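Remarks on the structure that follows.
The values are calculated or read from the model by the stated rules, or taken from the named source; none is laboratory data. Bear in mind the structure is a predicted one, so any value in this text is a computation, not a measurement. Using ideal geometry, Cβ is built from the backbone for each residue, glycine included, and neighbour counts are taken over all protein chains shown. Note: accessible area is taken over every heavy atom of the protein model, side chains too, but ligands, DNA and RNA are not part of it. Shrake-Rupley method; radii C 1.70, N 1.55, O 1.52, S 1.80 Å.
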Amino acid sequence: MTNDPGFSFPQSRLQEIAADILDIARKKGASACETDVSEGFGQSVTVRKGAVDTIEYNRDKGLGVTVYVGQQRGQASTSDFSRSALKAAVEAALSIARFTAPDPCAGLADVELMARDCPDLDLFHPWGIEVDEALTLARRCEEAAFAVDPRIANSEGASVSTQQSHFVSANSNGFMGGFASSRHGVSCAVIAGEGDAMQREYWYDNRRDAAELTAVEEVGRIAGERALARLGARKIRTRSAPVLFEAPIAIGFLGHLAQAASGGALYRRSSFLLDALGQQVFSPIVDVSERPHIPKAFGATWFDNDGVATRDREVVSGGVLQGYFLSTYTARKLGMQTTGNAGGSHNLRLKGGEDDLAGLLRRMDKGLLVTELLGQGVNYVTGDYSRGAVGFWVEKGKIKHPVQEVTIAGNLRDMFRNIVAVGNDALPRGAKHCGSVLIESMKIAGS
């Protein structure tokens, strides 16, 4: 599997390079060492109004090495895999380490925490699509968007992309692991209307296996219909009202949780979830799990960036925060145990309820459906939340008219606690899995 001819190096060669790095570091006096060796390549094509807009290729390789001299740490990297370059990278890292101050929390994870058994998670599905074929798919996608309605007047383009990579991570505590993975996608963004009444919308899909991608015509059709639905958008008056976040936007709540409960934010005391472990942080209906071993999933892995074995766990149960997201280093800073989250979370999943989006609209009855957020107004220290929003005003459980140029505001503490429903309409697009989320009330600033 990892010896696909598209790669310049087989997995076995990456393992040899990683082993060489560890051996060189040991011989040159490092007390511990860890390294990552990787290679990747891909292509992306975009058409706009039927014409070729861009054709992009990428191919890269590189390695990073971290050495420890006691509790002094140094890092270096190179894209040269020759023996001389490996020695130079280790020497550079050692030179840096000897001039840094000792850090009592620095060092590799404990040996007993290292991942040992790493079965195949079915993450690698190369797509040998030629450029001409990719361009044809992109054109079909865009044509489907234009076919929705004559008011679809312009396009920002339709794209088809493919990427595959593989890597090996290793350290001097006996860990060595790695795998190949793939990511393929199709997207389309079009513009409806004309003059001052134009509206832009998009749709996309990403999968490990190109055979599971949504049909390009379907992606284009959805993009066209969403752009058309936004014509005639207007402000609404300032008020407080229920807010329903559409599933692709609601995924952001899992990102906010992962950021605020990350070890880095916690030991720096820059999180509104400081000392929240075991506390009622969310509504009692909220359950969030971490499932790192789901085949084909983005974010699936048997080990984190420290080589620590990952595991299934419940992050939030009945609204109570059960765990943080800790690496070896941040756990030591907090006097805790690593959760296997060096490098981030692995397949966070917010448990859905019984309702689809239509059911949630009926449950909300009257309020704002948000389909796009603008700006980055999230303060993780205080939890304050203020974002520009686009979407639809809803009355009697039905969409009444599109909305634009409004701001929604609140505090993540209150928003988390005031989740009244989670939909069953999650889309399998990335490493976070979440249906639409209904918040009981937020401030909406309009006209």
Sort out which residues of the stretch 143-152 are outside any loop (DSSP other than H, G, I, E, B), of a type outside the set (A, V, I, L, M) and closer than 18 Å to Met198 by Cβ, and write them in order of number.
Phe146
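For the stretch 153-170, indicate whether the set of residues that are part of a loop (DSSP other than H, G, I, E, B) and open to solvent by 10 Å² or more (accessible area, probe 1.4 Å) is non-empty. Let's see the steps before the verdict.
Kept after step one, since they are part of a loop (DSSP other than H, G, I, E, B), are these residues of the stretch 153-170: none.
No, the stretch 153-170 contains no residue that is part of a loop (DSSP other than H, G, I, E, B) and open to solvent by 10 Å² or more (accessible area, probe 1.4 Å).
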Mind listing just one residue for me: the one in the stretch 13-37 that is open to solvent by 20 Å² or more (accessible area, probe 1.4 Å) and of a type in the set (S, T, N, Q) and, of those, nearest to Pro150 (Cα to Cα)?
Gln15
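Give the number of residues within the stretch 83-134 that are of a type in the set (Asp, Glu), exposed (fewer than 14 other Cβ atoms within 10 Å of the Cβ) and under 30 Å from Arg207 (Cβ atoms).
Filtering the stretch 83-134 down to residues of a type in the set (Asp, Glu) leaves 91, 103, 110, 112, 117, 120, 122, 130, 132-133.
This time we only want the ones that are exposed (fewer than 14 other Cβ atoms within 10 Å of the Cβ), so: 110, 112, 117, 120, 130, 132-133.
Right, trim to under 30 Å from Arg207 (Cβ atoms) and you get 117, 120, 130, 132-133.
Residues meeting the conditions: 5.
Quick grid of which residues meet (1) modelled with pLDDT under 95; (2) surrounded by 20 or more Cβ atoms within 10 Å (Cβ to Cβ); (3) under 30 Å from Pro402 (Cα atoms):
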site	(1), (2), (3)
Gly185	no, no, yes
Met198	yes, no, yes
Ala210	no, no, no
Thr214	no, no, yes
Gly232	yes, no, yes
Leu244	no, yes, yes
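Can you pull out the residues in the stretch 424-433 that are over 12 Å from the mean Cα position of the chain (by Cα) and open to solvent by less than 50 Å² (accessible area, probe 1.4 Å)?
Residues of the stretch 424-433 over 12 Å from the mean Cα position of the chain (by Cα): 424-427.
Across the stretch 424-433, the qualifying residues are Asp425, Ala426.
Yes or no: Phe179 out of contact with any Gly (no Cβ under 9 Å at 6 or more places or on another chain), part of a loop (DSSP other than H, G, I, E, B) and in contact (Cβ under 8 Å) with a residue 12 or more places away in the chain?
On the way: out of contact with any Gly (no Cβ under 9 Å at 6 or more places or on another chain): yes; part of a loop (DSSP other than H, G, I, E, B): no; in contact (Cβ under 8 Å) with a residue 12 or more places away in the chain: yes.
Against the criterion (out of contact with any Gly (no Cβ under 9 Å at 6 or more places or on another chain), part of a loop (DSSP other than H, G, I, E, B) and in contact (Cβ under 8 Å) with a residue 12 or more places away in the chain), Phe179 does not qualify.
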Within the stretch 389-400, can you find the residues that are assigned to a strand (DSSP E or B) and either open to solvent by 20 Å² or more (accessible area, probe 1.4 Å) or aromatic (Phe, Trp, Tyr) (or both)?
Phe392, Trp393, Glu395, Lys398, Ile399, Lys400
Checked pairs for the stretch 264-281, first at positive phi, second not aromatic (Phe, Trp, Tyr), C-beta under 9 Å and 6 or more apart or across chains, list as Arg269/Val381; Asp275/Leu266; Gly278/Val320; Gly278/Leu321; Gly278/Gln322
Could you go through the stretch 405-427 and let me know if any residue there is part of a strand (DSSP E or B), over 30 Å from His346 (Cα atoms), β-branched (Val, Ile, Thr) and touching a helix residue (DSSP H, G or I) at 6+ places or on another chain (Cβ under 6 Å).
no
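Which strands (runs of 3 or more DSSP E) does the stretch 1-78 wholly contain that include 3 or more residues that are over 29 Å from the mean Cα position of the chain (by Cα)? Walk me through how you get there before you give the answer.
Working: elements: 32-48, 51-69, 72-78.
Counting at least 3 such residues, we get 51-69.
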If you take the residues of the stretch 285-324 that are of a type in the set (Asp, Glu) and assigned to a loop (DSSP other than H, G, I, E, B), which of them is farthest from Asn341 (Cα to Cα)?
Asp287
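When the stretch 337-353 is examined, which residues are found to be assigned to a loop (DSSP other than H, G, I, E, B), open to solvent by 50 Å² or more (accessible area, probe 1.4 Å) and touching a residue at least 40 places away in the same chain (Cβ under 8 Å)?
Taking the stretch 337-353 as the starting set, the residues that turn out to be assigned to a loop (DSSP other than H, G, I, E, B) are 337-347, 351-353.
Still in the list and also open to solvent by 50 Å² or more (accessible area, probe 1.4 Å): 337, 343, 351.
Result: Lys351, single match.
Here's the yes/no breakdown for (1) in contact with a strand residue (DSSP E or B) (Cβ under 6 Å, 6 or more places away or on another chain); (2) open to solvent by 50 Å² or more (accessible area, probe 1.4 Å); (3) closer than 19 Å to Thr330 by Cβ:
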| residue | (1), (2), (3) |
| --- | --- |
| Leu257 | no, no, yes |
| Ala261 | yes, no, yes |
| Arg269 | no, yes, yes |
| Leu273 | no, no, yes |
| Ser283 | yes, no, no |
| Glu290 | yes, no, yes |
| Pro295 | no, yes, no |
| Ala300 | no, no, no |
Boolean, Leu438 is surrounded by fewer than 18 Cβ atoms within 10 Å (Cβ to Cβ) and of a type outside the set (Lys, Arg)
no
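Quick test for you: out of Gly40, Gly64, pick the one residue that is small (Gly, Ala, Ser), open to solvent by less than 80 Å² (accessible area, probe 1.4 Å), within 29 Å of Gly157 (Cβ to Cβ) and at pLDDT 95 or above. Give the steps one after another, and end with the answer.
Values: Gly64 fails: within 29 Å of Gly157 (Cβ to Cβ).
Unique residue meeting the criteria: Gly40.
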Evaluate the following for Ser79: is it in contact (Cβ under 8 Å) with a residue 24 or more places away in the chain and among the polar types (S, T, N, Q)?
no
Looking only at the stretch 354-370, decide whether some residue is buried (at least 18 other Cβ atoms within 10 Å of the Cβ), among the charged types (D, E, K, R), under 27 Å from Val315 (Cα atoms) and within 23 Å of the chain's Cα centre (by Cα).
no
Considering only the stretch 356-374, I want to know if a residue exists there that is over 21 Å from Pro104 (Cα atoms), among the hydroxyl-bearing types (Ser, Thr, Tyr), touching a residue at least 60 places away in the same chain (Cβ under 8 Å) and not in a strand (DSSP E or B).
no
